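In what follows, a single structure is set out as C-alpha cells and then discussed.
The values are calculated or read from the model by the stated rules, or taken from the named source; none is laboratory data. The shown structure was predicted, so the numbers you read here are calculated from the model rather than taken from an experiment. Neighbour counts run over all protein chains shown; Cβ positions are idealised from the backbone, glycine included. Protein only, heavy atoms only, side chains kept; ligands, DNA and RNA dropped before computing areas. Shrake-Rupley method; radii C 1.70, N 1.55, O 1.52, S 1.80 Å.
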Amino acid sequence: MIEPRSRNPESHQFPADSTFEVHFTITDLVTLWRLGRETVRLLVKDDPEVLKVRKGKRKILTHYSVPESAARRIHNRLIHPDD
C-alpha cells in the first residue's frame with residue numbers, strides 16, 4: 001500500500017505529475033482559505049491539473065479534486081496577482 005505524502009512542504013519535493021500528491025476537495029479549500037464555496041469553485045474549475053468527476057449529465061453534480069501543487073499555485077496567484 002502506498003502511504004500518502006505529508007502536507008508539510010519542507011518534508012518532500014513535489015512530484016513531476018500530480019498523481020500521488022495529496023488532493024483537496026472544494027470543501028477542504030474553503031476551510032483552508034476561508035473563502036466562499038462558489039469563489040473557490042470558480043478559482044479551480046478551469047485549471048488543467050484539477051480533476052473533474054461529473055456524476056450524471058448535470059454540471060451541478062461535478063466533484064473537483066485539486067492536487068496540492070495546483071492548490072499552491074492558485075493560492076499564490078491570489079496572494080501575488082501581479083506576478
| said: Give me the extension gain from Arg73 to Phe20: residue separation times 0.36 nm, minus the current Cα-Cα distance, reported in nm with one decimal. | reply: 17.4 nm
| Assuming R0 = 41 Å, what is the FRET efficiency of Asp28 and Lys57, from their Cβ-Cβ distance, to the nearest 0.05? | 0.95
| In terms of solvent-accessible area of protein heavy atoms at a 1.4 angstrom probe, what is the ranking of Asp82, Asp17, Asp46, highest value first? | Asp82, Asp46, Asp17
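Please give the per residue accessible area of the range 19-83, computed with a probe of 1.4 Å over protein heavy atoms only, in Å².
In whole numbers, the range 19-83 has 71 Å² accessible per residue.
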